[in-house]
Amino acid sequence: MWDFLGRKRHKRTSDILWLDLGDLGDLVNPDGPHEQWQDHGLGLLRTILHQNGIQTDVLSTRAVTSWDELRRQLPGYRMVLMNVRSYTYPSGLKAAQIFKEVNPDGLVITGGMHATVALDEMEAVPAFDKICQGPGENVIVDVVRNPDQFPRVFLGQGSRSMAEWPTIDRTLWPQPASRRLKRSFNWPLEPECGWGPPPVVTILTSRVCPWQCVFCNENSYIPNMGRRPVDMVIDELNYLDETYGPVGSVVIHDSMFFQNPSWLEEWLEKYPRRANKVWPYWAAARSDTVRQWPQLYEALIRETNWNTISIGFESGSDRILRLLNKECTEDDNLFTIELTNRIGDDMERQGKAAPKFWANIMLGIPGELPEDAFKTLRMLKTMKRVFPSISFYAPYPGSALGNQLIAEGKSLMSKDNYHRFPDDEKVKGVDYSFYRALLAGRYDDEVNRGLANYQKRDIDFAGALTKA
Ligand code: B12
Ligand code: SF4
């Protein structure tokens, strides 16, 4: 049933609700493609619940355009479950408060990254009845069955390896919520985002990144776990292709795909042979690992159709890379850029599509000088084929530098504003007017200094600024 705005009416089938979080309207009339991506935490945990005989409904703050619209859908639920990340904390908080107003005796059970990294913020909110820190796959069934047996804050339990995870039942993901979006979404697969043809499959093969970049350092709060076996990944892609496809392209959502050479060698051997089609894919690497295993990198690009290579270059200046504990150098970045340019030229000569960088760049890092920022943009210009993804450094809780800046009172990110707009100011003392002028091209002469003529091309840096 659709309402007069072309939105589906909600019918309650269980008294337990999973509420998907994100900005209002992202599944109605989205701002951009990344806002539409599905939540694997939700998908995994709902799959486990349903396989254990616990049915749940799903609603999404992204599928409504006002809080009143959400409020109207909440009566009658005795429990709501939510995956709260720092960037979805504002919507999680508001939704929990509304749920309690509508169902004063109902239980709000939360887990997710924010509960792990910013427990104090969540503990201070009475609307959060239960808060699970850490992984939830081996605890979710018990907590939903017997919530009273758990203290308000408890530690979750994860699997030792992703091999133990069931295949996500993607029909448990929220649906696009307008007739218009439904046409382009390809649910339960996902929409095109500019990296490869639709329908898109997002998938995780690993969860943990062992490095310790101070703006991220995932391994300080995501427990170590084994990688999903190559055969399971390929089987799932083939299943999705046969059931909901034909699949157009794949996004491997791992924080760090290009690690564990033995896994990658097996992928190199099996993906071209066993996958229904060698779908092009997006996946992440680091410039130091590319320099360490260049042959493996090149073979993966050429033989497995790894055609969008996400690299956290972050900065073109050694001074800043050291400050970030990135453990990559200007030389590592240059090596990776030159190698990828060369592979791309060669593939084009053979009539094939060249690989493109998805280049993650940060500006506005405390301590950065104008010359560091010029070097960063200069580095971007040496990439022949690139989607620049530039953001102003954001001090997220959980990361070493984020925690430090929060403790020093220098973070401008508040719990109502973990991320709102690409050009939000995030740290006190950073001269954002300089960065806006830089991105608008006012320092192009400085940036272009020393570059070859062909590298002086205009890149829309301001348009490449993303939410962070
Ligand atoms: C895929 C991904 C994305 C995707 C898709 C996001 C989506 N819709 O799901 C995209 C690319 C869009 C994205 C973007 C961003 N991301 Co992101 N992303 C990830 C990534 C790599 C994987 C997420 C995932 O699926 N994990 C696997 C699932 C199974 O884990 P999970 O969701 O955490 O759920 C588990 C537990 O938390 C727990 N749990 C969850 N919910 C519940 C509920 C209950 C009741 C219980 C008991 C347990 C429980 O159990 C689950 C199973 O163990 C993670 C890193 C990681 N390895 O997890 C970063 C991560 C989540 N992202 C992060 C960030 C910072 C961002 C960005 C802000 C980055 C940027 N600078 O642009 C943007 C913001 C997006 C936005 N909306 O604006 C941070 C979040 C930090 C934080 N404190 O919350 C992470 C942790 C990476 C990091 N650097 O530390 N991201
Ligand atoms: S920024 Fe990338 S390499 Fe560094 S810790 Fe995070 S995921 Fe790992």
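The table below lists the values:
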{"quantity": "Candidate set: the range 387-417, residues that are surrounded by fewer than 19 Cβ atoms within 10 Å (Cβ to Cβ) and among the aliphatic types (A, V, I, L, M); chosen: the one nearest to residue 333 (Cα to Cα)", "calculated": "400"}
{"quantity": "Identity of the residue in the range 222-232, over 17 Å from the mean Cα position of the chain (by Cα) and within 16 Å of ligand 2 (Cβ to nearest atom), that ends up surrounded by the fewest Cβ atoms within 10 Å (Cβ to Cβ)", "calculated": "224"}
{"quantity": "Odd one out for residue 124, checked against (1) within 16 Å of ligand 2 (Cβ to nearest atom); (2) free of Cβ contacts under 8 Å to residues at least 12 places away in the same chain", "calculated": "(1)"}
{"quantity": "Inter-residue pairs, beta-carbon under 9 Å, first touching a residue at least 40 places away in the same chain (Cβ under 8 Å) and in the range 43-58, second crowded, with 19+ Cβ neighbours inside 10 Å and of a type in the set (S, T, N, Q), 6+ apart", "calculated": "45/83; 46/56; 49/56; 50/56"}
{"quantity": "Candidates 265, 236 - the one that is within 15 Å of ligand 1 (Cβ to nearest atom) and in a helix (DSSP H, G or I)", "calculated": "236"}
{"quantity": "Residue under evaluation residue 385, criteria (1) of a type outside the set (Phe, Trp, Tyr); (2) under 30 Å from residue 222 (Cα atoms); (3) modelled with pLDDT of 95 or more, criterion not met", "calculated": "(2)"}
{"quantity": "In the range 94-110, the residues that are crowded, with 21+ Cβ neighbours inside 10 Å and assigned to a helix (DSSP H, G or I)", "calculated": "95, 96, 99"}
{"quantity": "Some residue of the range 111-132 being polar (S, T, N, Q) and either surrounded by fewer than 20 Cβ atoms within 10 Å (Cβ to Cβ) or on the phi > 0 side of the Ramachandran plot (or both)", "calculated": "no"}
{"quantity": "Within the range 181-221, considering residues that are more than 11 Å from ligand 1 (Cβ to nearest atom), polar (S, T, N, Q) and closer than 25 Å to residue 25 by Cα, the one surrounded by the fewest Cβ atoms within 10 Å (Cβ to Cβ)", "calculated": "184"}
{"quantity": "Exclusive hit being assigned to a loop (DSSP other than H, G, I, E, B) and in the same structural domain as residue 95 (by TED's automatic domain parsing), set 58, 28", "calculated": "28"}
{"quantity": "Count - residues of the range 92-116 that are more than 21 Å from residue 155 (Cα to Cα) and touching a strand residue (DSSP E or B) at 6+ places or on another chain (Cβ under 6 Å)", "calculated": "2"}
{"quantity": "Where residue 202 falls short, out of the listed (1) polar (S, T, N, Q); (2) over 16 Å from the mean Cα position of the chain (by Cα); (3) away from ligand 2 (no atom under 16 Å from the Cβ)", "calculated": "(2)"}
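Per-residue answers, yes or no, for (1) out of contact with any Phe, Trp or Tyr (no Cβ under 8 Å at 6 or more places or on another chain); (2) of a type outside the set (A, V, I, L, M); (3) in contact (Cβ under 8 Å) with a residue 60 or more places away in the chain:
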position	(1), (2), (3)
236	yes, yes, yes
240	yes, no, yes
261	no, yes, no
272	yes, yes, no
275	yes, no, no
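Residue-by-condition table, conditions (1) without any contact (Cβ under 8 Å) to a residue 40 or more places away in the chain; (2) more than 30 Å from residue 241 (Cα to Cα):
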position: 278; (1), (2): yes, no
position: 282; (1), (2): no, no
position: 291; (1), (2): no, yes
position: 298; (1), (2): no, no
position: 344; (1), (2): no, no
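The values are calculated or read from the model by the stated rules, or taken from the named source; none is laboratory data. Please read these numbers as outputs of a predicted model, since none were measured by experiment. Quick reminder, even Gly has a Cβ in these numbers, built from the backbone with ideal geometry, and neighbours come from all protein chains shown.
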